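Have a look at the structure below before the remarks.
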Amino acid sequence: ASLFLRYSQEIVKNGDLPEIDKMRFYPLGLPTIQTSPIIPHTIAWLYKIFHLFNPSVTVAFTDVALYPIVFFILGCITFYFLVSKLFNPRVALLATFILVIMQQYLFRTMTGVGDKEVFGMVFMYLALFLYLLALHSENNRKAIIYGLLAGISTGIMNLAWNGANFVFMLIALNSLLSIFLDRFTKKDVYVYASWLIPATLLLMIFRYGIKGILQVMLFSITTGVAYFALLVGIILLVLHTKRFENFRNKITQKIPLGFSSLLLAFIVAALFTAIFISPTFIFDKIASV
């Protein structure tokens, strides 16, 4: 939290952060892109907005008092809409009431704590809410738009907080379960791709680069499952084409199409990682889990 305050003061004073923070990992320093710079930029913008209305507002006051409260309120609103979409408004009101008095949640979202969690939770709820809207939308165009917005929200959350891994795992495992139960439609594949692609692009441009995406995201247990689910969805989409009609008819007589897609994706992933990474990569990840 003190780091974000120092960074916010640096942004307000000089307009941006230096590429290397010389005060960390002396004498080499640490690239500021690795320290969630979206948080101090947000605090700096909030300071500029509140400072217009009240010149006595300082960056420090914005960091410890205004920033956590603003995003705590936004988090409660997005959480309410998420639960309301899942259940109904009454359940959403009760769930939101429980959330705002939960000690573990208040510990990182109340006044006095200018940290990353209060920012990340807003975009976590927003990403899940938008993805739900995409799944429930009957119009394919709207579904893809909601999917894109969910992907952008996921990317922004990950730029601020690695807790975004929960979103990657939740959506990926939900999709894999739907595929296994043969409930994953062509529209679901489009929605899933429209969510994962923009999230990946945001992280590639503003945080990891192409090499980092491969090392940190694609081959990680927590986020790698999201790309595996996309592979399964693409295979399922290909199997539904007219060219594979005979193969599809034959294979569905023995095993469900969703399960066969999972098997094919596992074989493809195992061969790819065995050739380019390590012959035991898949089995090492399973053992790690």
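The values are calculated or read from the model by the stated rules, or taken from the named source; none is laboratory data. Everything numeric in this text was worked out from a predicted model, so none of it was measured. We place every Cβ from the backbone using ideal geometry, glycine too, and count neighbours over all the protein chains shown. Keep in mind that these areas ignore ligands, DNA and RNA; they rest on the heavy atoms of the full protein, side chains included. Shrake-Rupley method; radii C 1.70, N 1.55, O 1.52, S 1.80 Å.
Side notes on the structure shown:
- Surface analysis of the chain yields an accessible area of 56 Å² per residue, using protein heavy atoms and a 1.4 Å probe.
- Distance distribution P(r), the stretch 37-124, all Cα-Cα pairs, bin width 5 angstrom from 0: 3, 15, 22, 21, 15, 11, 8, 3, 1 percent.
- Acute angle (nearest 10 degrees) that the helix 38-53 long axis makes with the longest principal axis of the chain, alpha-carbon atoms: 40 degrees
- The accessible area of H240, taken with all protein chains in place and a 1.4 Å probe, comes to roughly 100 Å².
- Residue-averaged 222 nm ellipticity for the chain, from DSSP H runs of 4+ at -39500 (n - 2.57), nearest 500: -22500 deg cm²/dmol
- Once you reduce the stretch 236-289 and the stretch 1-48 to the center of their Cα atoms, the two points are 44 Å from each other.
- Solvent-accessible area assigned to carbon and sulfur over the chain amounts to 69 percent, based on a 1.4 Å probe.
- Residue of A150, A265, A127 that the Gaussian network model of the chain assigns the largest fluctuation, springs spanning Cα pairs under 10 Å: A265
- Backbone geometry of the stretch 257-268 corresponds, through the Karplus equation with coefficients 6.51, -1.76 and 1.60 at θ = phi - 60°, to 3J(HN,Hα) couplings of 4, x, 5, 5, 5, 4, 5, 4, 5, 5, 5, 4 Hz, x marking Gly and Pro.
- With the charge dipole of the chain set up from +1 on Lys and Arg Cβ and -1 on Asp and Glu Cβ about the Cα centre, the Cα lying farthest toward the positive end among the listed residues F87, I33, S220 is that of F87.
- Against the compact-protein benchmark of 2.2 N^0.38 Å, the Cα-based radius of gyration of the chain scales to 1.16.
- Between the helical axis of 117-136 and the longest alpha-carbon principal axis of the chain there is an angle of about 30 degrees.
- Proximity of backbone amide H atoms, modeled 1.01 Å from N, is registered between I20 and T32 at under 5 Å, excluding neighbours fewer than 5 places apart on the same chain.
- Estimated translational D of the stretch 1-71 in µm²/s (Stokes, Kirkwood radius over Cα pairs; 25 °C; 0.890 mPa s): 197 µm²/s
- In degrees, nearest ten, helix 186-203 long axis to first principal axis of the chain (Cα): 40 degrees
- For the stretch 1-147, alpha-carbon Rg and Dmax in angstrom: 18.2, 57
- Size descriptors for the stretch 78-176: radius of gyration and Dmax over Cα atoms are 14.2, 44 Å.
- All lysines inside 18 Å of K187 as judged from Cα atoms, apart from same-chain residues fewer than 8 positions distant: K142, K242
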